[in-house]
Structure formats: C-alpha cells, structure tokens
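Structure, as structure tokens:
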Amino acid sequence: SILNPDREQECFDVNVLKTLFMIKYVNEITATVDNITSLMIDSIDADRIALKKRVEDALSRLIRQTLVQKSGDLYIFLTNEEQEINRAIQSQNFEISEVTNKISELIFDGIYDDKKYRCPRLNGRYSFSFNQIVDDRPYKQTQSYNIGLKIITPNFGDIDENVLGIMSMQESNVVIALPNDRSYIEEIEYALRIEKFLRANASSTLLNFDQVKIAKSAEMREHNKNAALFLREALKQANIYV
C-alpha cells in the first residue's frame, strides 16, 4: 500500500490511522495531536516530544492521502464514502483573490468593523474614514481616503521590515504585518473548496447527498469560525508599522 510499501508488520502511519478509527465515534476523546500521541505511547520510557513529532508527520501524510481530515486542531478518520467526497472537494479550484476577500471580510466586517478613525483629541470631535486593504487588494468601497489600514498576510510574500516602514510612509497607511502562520489561510481555503463543491453539486441526485450537504455546510461554517479565531490570534501577534 502507499502507507506501508515495505509491508512492515508495525507501520507507524497505519497505527496512527487505526488509532483515529478507534476514537472516531468516542465522544469523550477528542482527536488532537496530544491525545493521539498519548494513545500511541507504548512504554513508560517513551520520548513524548519525539513521538509527537512522528505523529504530526504521520498525520500530514495521512491528510495528503485523503485518509484523514484536519478541522481546527482535530484530526478525523474518513470512511470510504467520506474519502471520495473529500477528494472531490480537494479538486475544487479557487483564486487567491477569493482568499484575500474572505480575510478582508473577517477583519473589516467582524474583528475590526469600525469604518472611521475617531481622533481622541477634542473629545473625539473629529473622525476620518480610512481605506481598507489586504495585500494590495482594496475591500468593497472606493479607496480614495487620505489614510488607510493595510493588512499584509503570508500570501503577499516575504518582505523586509524596512520596506514595510517605507510602505507605511509613502502610502499613508498603518501597515499590519501578520506572522507567517498560515492556519487561518488553510481554514479559509478549505471552506472555499467546500462552498464550490456544494455549488457545483447543487442539483445532485446522488444517494444521501442531502445529508452530505448538511454535514459539509456545517463543516464549512466550522472552518470559517476557526479562520476567524486564528486570524484574531494572528492580529494580536502582528508587527505594526506607522
């Protein structure tokens, strides 16, 4: 098999997969990396840190083979039918601009939804509208104000902090550079794939597709919820250039 080409009697990847299958319907055990690692310990002398790294590597391979699905910090064993559906979802394409628009929506219509900056002087008498930008892509309304808030994500590429400082000065923007953690981007990408899969199969007559639609719609909402949580944490750790 792909997971065990040498047909080892004790293949680590296969054992991780068996562990996920074992706890799939056990509500009392959540399938986090730490819990999976605990279940994989085979002796009191085991090096937990090294074992956790092996588990993480195995999970990455299982995800690539669409045998396992990641949702937030949980890993889910997939049945044959679920694998087939997930392969169809993974085959859906999207544009980077769609990811950027979703990040903008989560920030400017949720996390920070103020449309004007109110100057604290003179008892807040004066307020100023500002441009809303993510990775050089304006969000919604015409971006013609004198000041702006610009979010830089890992999708923008590596950029020197001196350049970010100059960018802030030249563009009259507060520049917020998010850390390289792509967790929220991955959550958004998967939610987009599910959305496109459901839209493409809206008139499907496949058996049980109504149940699939309900389950995947709920999963899409969960991925969007996770994206908002991860994005909020990324903003807390961001570097700000003014």
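Conditions (1) outside any helix (DSSP H, G or I); (2) surrounded by fewer than 13 Cβ atoms within 10 Å (Cβ to Cβ); (3) modelled with pLDDT of 95 or more, marked per residue:
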{"position": "Ile185", "(1), (2), (3)": "no, no, yes"}
{"position": "Tyr190", "(1), (2), (3)": "no, no, no"}
{"position": "Leu198", "(1), (2), (3)": "no, no, no"}
{"position": "Leu206", "(1), (2), (3)": "yes, yes, no"}
{"position": "Val212", "(1), (2), (3)": "no, no, no"}
{"position": "Ala215", "(1), (2), (3)": "no, no, no"}
{"position": "Met220", "(1), (2), (3)": "no, no, no"}
{"position": "His223", "(1), (2), (3)": "no, no, no"}
{"position": "Phe230", "(1), (2), (3)": "no, no, yes"}
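Would it be correct to say that Val163 is open to solvent by 30 Å² or more (accessible area, probe 1.4 Å), more than 20 Å from Tyr190 (Cβ to Cβ) and assigned to a strand (DSSP E or B)?
Values: open to solvent by 30 Å² or more (accessible area, probe 1.4 Å): yes; more than 20 Å from Tyr190 (Cβ to Cβ): yes; assigned to a strand (DSSP E or B): no.
Answer is no for this residue.
Could you tell me whether Ser91 is within 20 Å of Ser217 (Cα to Cα), exposed (fewer than 12 other Cβ atoms within 10 Å of the Cβ) and hydroxyl-bearing (Ser, Thr, Tyr)?
Details: within 20 Å of Ser217 (Cα to Cα): yes; exposed (fewer than 12 other Cβ atoms within 10 Å of the Cβ): yes; hydroxyl-bearing (Ser, Thr, Tyr): yes.
Taking the combined requirement at face value, the residue satisfies it.
For the stretch 166-183: of the residues being within 27 Å of the chain's Cα centre (by Cα) and free of Cβ contacts under 8 Å to residues at least 40 places away in the same chain, which is surrounded by the most Cβ atoms within 10 Å (Cβ to Cβ)?
Arg182
Can Ser144 be described as over 30 Å from Gly72 (Cα atoms) and either open to solvent by 30 Å² or more (accessible area, probe 1.4 Å) or modelled with pLDDT under 90 (or both)?
yes
Please verify whether Tyr126 is open to solvent by 80 Å² or more (accessible area, probe 1.4 Å) and in contact (Cβ under 8 Å) with a residue 24 or more places away in the chain, treating the condition exactly as stated.
Numbers: open to solvent by 80 Å² or more (accessible area, probe 1.4 Å): yes; in contact (Cβ under 8 Å) with a residue 24 or more places away in the chain: no.
No, not satisfied.
The values are calculated or read from the model by the stated rules, or taken from the named source; none is laboratory data. Just so you know, these numbers come straight off a predicted model, no measurement behind them. No Cβ is skipped: glycine too gets one built from the backbone with ideal geometry, and neighbour counts run over all protein chains shown. Side chains included, ligands, DNA and RNA excluded: accessible areas come from the protein's heavy atoms. Shrake-Rupley method; radii C 1.70, N 1.55, O 1.52, S 1.80 Å.
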